[in-house]
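Data first, discussion second: the structure below is written as structure tokens.
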Amino acid sequence: MGTRHLICVFWKGKWFIAQYGQFDGYPEGQGVKIFNFLSFARNVENLKVGLENHIYEPSNEEINAIWVECEAWDENRRAQNLIDKPHMFGINQLYPSLARETSAGILGVIARASQAEETDEAEGDEDKEPKKVPVKLELEFANDTLFCEWAYVIDLDKEVLEVYGGGEPKHDGHRFKDVGEERARVPAFICSLDFSEMYLMKGDQEFMEKIKKAMGEQSDNEENDDAEGELVNPEGSEKGNP
């Protein structure tokens, strides 16, 4: 299902990843995938190594060259009648970190890049150039709250996963306060979960229960705010008073 979203990683006081995703952005989809990744401490450590040593943000010229390479791949595969599903396109096969279908899978792509380096060292290839993963920061998609239906922030400094849905005006202390123009809208905060809390969860059902509870509480708060607003007329006096 086309549910657009952002998968973000914040570490050492800055954004490392802001991955645009096209499909299954709701918690039952990408949220569960993130939970399953973060449920293993080794994945988090591999992710940090990958972020430190194995990613780069390509220039516009490099992006253009990548697309030319992927289009050539697609043409060759079409000539052989070998393309019939989205994941078989060149961008998905050659540069999955730039594909809109990858979404939360970006975490595994980067973590595996660090593991590949460990394998090379074990095989005696210490001089082999580490593989670099191209990433494109799409942070300002967070301001398009009509289409950015969900956002997930993995904060490796605080060791928390933050879940956002819908939109709201910027305010002090908001995670996306400095993203985009001052009056731009940003994803609305729903809840956060500590890594240590997720390590103890028995499965994704418990993860989903936590998010659904937070969403229910958020809905109740919004209804209470609307009800309180109805008690005041435009001049600021209570209804029924002159």
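The values are calculated or read from the model by the stated rules, or taken from the named source; none is laboratory data. Only a predicted model underlies this, so the values are computations on that prediction, with no experimental measurement involved. As a convention, Cβ positions derive from the backbone with ideal geometry for all residues, glycine included, and neighbour counts pool all protein chains shown.
Structure values in brief
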item: Scope the stretch 17-48; condition of a type in the set (A, V, I, L, M, F, W, C) and in contact (Cβ under 8 Å) with a residue 60 or more places away in the chain; matching residues; result: 17, 18, 23, 32, 34, 35, 37, 38, 41, 44, 47
item: In the stretch 177-209, the residues that are assigned to a loop (DSSP other than H, G, I, E, B) and free of Cβ contacts under 8 Å to residues at least 12 places away in the same chain; result: 177, 178, 200, 202, 203
item: Of all residues making up the stretch 187-206, the number that are touching a helix residue (DSSP H, G or I) at 6+ places or on another chain (Cβ under 6 Å) and closer than 17 Å to residue 139 by Cβ; result: 1
item: Some residue of the stretch 185-203 being of a type in the set (Val, Ile, Thr), at pLDDT 95 or above and over 19 Å from residue 106 (Cβ atoms); result: yes
item: Index of the failed condition, residue 174 passing every other in (1) buried (at least 19 other Cβ atoms within 10 Å of the Cβ); (2) modelled with pLDDT of 95 or more; (3) part of a loop (DSSP other than H, G, I, E, B); result: (1)
item: Subset of the stretch 133-171 that is of a type in the set (D, E, K, R) and touching a helix residue (DSSP H, G or I) at 6+ places or on another chain (Cβ under 7 Å) - its residue that is surrounded by the most Cβ atoms within 10 Å (Cβ to Cβ); result: 159
item: Failed item in (1) of a type outside the set (D, E, K, R); (2) closer than 25 Å to residue 39 by Cβ; (3) surrounded by fewer than 11 Cβ atoms within 10 Å (Cβ to Cβ), with residue 219 passing the rest; result: (2)
